[in-house]
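The values are calculated or read from the model by the stated rules, or taken from the named source; none is laboratory data. Just so we're clear, the structure is a prediction, and the values are computed from it rather than from any experiment. As a convention, Cβ positions derive from the backbone with ideal geometry for all residues, glycine included, and neighbour counts pool all protein chains shown.
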Amino acid sequence: MTTGNVEATKFLRSLDPTPLSIGRILWAHRTGEEMTLKDFSKLLEISVANLCDIEKGRKFVSPKRAARFAKALQLSEKLFVQIALQDLLRNDGFKDAEIKIIKWPIKKSPSRRSQQLHQKRAHSA
């Protein structure tokens, strides 16, 4: 992050120090698109009451659900998951916690069943 970006972030936070949350993003998107709670909840495939609770910060969203919302809105799934995790941490008392999503090189190990099939094929050949 460059110094200019840091300064811009500080300036924006001075205008509105409320932390970014999934609820605030959904509210901003919905009002920006001039959509009703009812129409927006249909788009997200949740109830109006649930959407209202999320927007007001009374309910929090799982990372899986955040990714689903992002996909429905054609926004960054990675960003939504990151913010959802930060919301959950903040709600549990970790006020200054910051989540950074990184790629993790996971090598999927073969299941026991696939190993057995592979051994059977090797013996029968």
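Quick rundown of the values:
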item: Scan of segment 71-86 for residues that are among the small types (Gly, Ala, Ser) and free of Cβ contacts under 8 Å to residues at least 60 places away in the same chain, ordered by number; result: Ala72, Ser76
item: Leading residue by the ranking (farthest from the chain's Cα centre (by Cα)) among those in segment 53-69 that are part of a helix (DSSP H, G or I) and surrounded by fewer than 16 Cβ atoms within 10 Å (Cβ to Cβ); result: Asp53
item: Any hit, segment 99-117, residues being at pLDDT below 70 and under 23 Å from His29 (Cβ atoms); result: yes
